[in-house]
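Quick notes on the structure that follows.
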Amino acid sequence: MLLSHFDYDLPESFIAQTPADPRDSSKLLVLHRDTGAIEHRIFREIGDYLRAGDVLVMNNTRVIPARLHATKAKTGGAIEVLLLQQETDLEWRVLVGGKRVTTGVVLNFPPTDITGTITAEYDGPQRQIRFSRPINGELTQLGEMPLPPYIRTRLIDAERYQTVYSRDEGSAAAPTAGLHFTPELLLALRDQGVKLAYCTLHIGLDTFQPVKVDVITDHKIHNERAQLDADNAKVINEAKLAGGHIIAVGTTAARTLETAAILSAGGDPARPDEIKDRCAWRPVIAFDRETNLFIYPGYEWRAVDVMLTNFHLPKSTLLMMLSSFAGRDTMLNAYETAKANGYRFFSFGDAMLVL
């Protein structure tokens, strides 16, 4: 399957620059994947499509101030560093913006006296950097919220790029499907009998890395740290066994759930097609590890029944995942319908519920 199969035209005017206010006032496109039928609703009405016993699975990762400004110690040249993943107390996997940032280069991080040394080079602008001391407690002073490059409007309230249930710090981007929930809406859903469960996936490189190959199976997806604990796995499995639906809030929750189901089947997320067990549903198991699960059309879904998502970039791995879940033609038709009805796209945009 070719990368061009996941392309679509999107004028810049459709890209949301600011979040909806209040959060749950965004539009909600409801897609029935069995028929292709589409409904247009408001996000706070999502409870009309959920029932008692269903379980919402949400990624509780919290975005860190991951964009750091630095200068080269020798030349003073300006460098931008985007933190992707912490590897040790002092070492981080990062993206760097700037020229000749090679192994051995020392960077200064004003206004502090912290320095960082490039200790390894990876694909493209990826580097490993070793800081002179742990930076976790100083990130608020060092960094700023890493908004995607297509958002050019200044974000006044940094909490609007966090979900209301964010908890575990470590992400370089927000799980944007969850940005639409308010505390009041979550309480109303819980009172309706909908169960809430949480996983953690710290969003890293692939949020920022475009697919550059013509044949999508040649794309190398990178690892992201994911975790599902035993208590939440139990909530999810019990809800499913009792007849409830598993609703993944966003592609990151979906990736975590499917990884848990693949591990439950004794498989490897890097090679899901090798699993011999072809049952329609697999229980999820607790895990804490990196996942490099790449979901595209032809993938056999094992855990997720319903997906809540935003509208994704052309040619992105996220659009490939949704095309696997609902069918490529059905998904692209829904995107065209969204454009025709004035939906807002990408991180601060509107939502889609795929039933």
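Structure values in brief
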item	result
Residue in segment 147-162 that is outside the structural domain of Ile221 (by TED's automatic domain parsing) and in contact with a strand residue (DSSP E or B) (Cβ under 7 Å, 6 or more places away or on another chain) present	yes
Hey, Asn108 touching a residue at least 24 places away in the same chain (Cβ under 8 Å), among the polar types (S, T, N, Q) and crowded, with 21+ Cβ neighbours inside 10 Å or not	no
Residue match in segment 220-227 (condition: under 22 Å from the mean Cα position of the chain (by Cα), surrounded by 16 or more Cβ atoms within 10 Å (Cβ to Cβ), in the same structural domain as Leu319 (by TED's automatic domain parsing) and part of a helix (DSSP H, G or I))	no
Subset tally (residues that are touching a helix residue (DSSP H, G or I) at 6+ places or on another chain (Cβ under 9 Å), part of a helix (DSSP H, G or I) and within 24 Å of Lys315 (Cα to Cα)) for segment 1-36	4
Residue satisfying condition, being of a type in the set (A, V, I, L, M, F, W, C) and over 26 Å from Ala261 (Cβ atoms), within set Phe348, Phe294, Phe325	Phe348
Val101, sole failed condition from (1) assigned to a strand (DSSP E or B); (2) out of contact with any Leu (no Cβ under 7 Å at 6 or more places or on another chain); (3) of a type outside the set (D, E, K, R); (4) not assigned by TED's automatic domain parsing to the domain that holds Asp168	(1)
So Gly267, is it of a type outside the set (Val, Ile, Thr), assigned to a loop (DSSP other than H, G, I, E, B) and either surrounded by fewer than 17 Cβ atoms within 10 Å (Cβ to Cβ) or touching a residue at least 40 places away in the same chain (Cβ under 8 Å) (or both)	no
Subset tally (residues that are part of a helix (DSSP H, G or I), among the aliphatic types (A, V, I, L, M) and under 17 Å from Asp34 (Cβ atoms)) for segment 333-355	1
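The values are calculated or read from the model by the stated rules, or taken from the named source; none is laboratory data. Quick caveat, the model's predicted, so the values are computed rather than measured. So basically every Cβ, Gly included, is an ideal-geometry build from the backbone, and we count neighbours across all protein chains shown.
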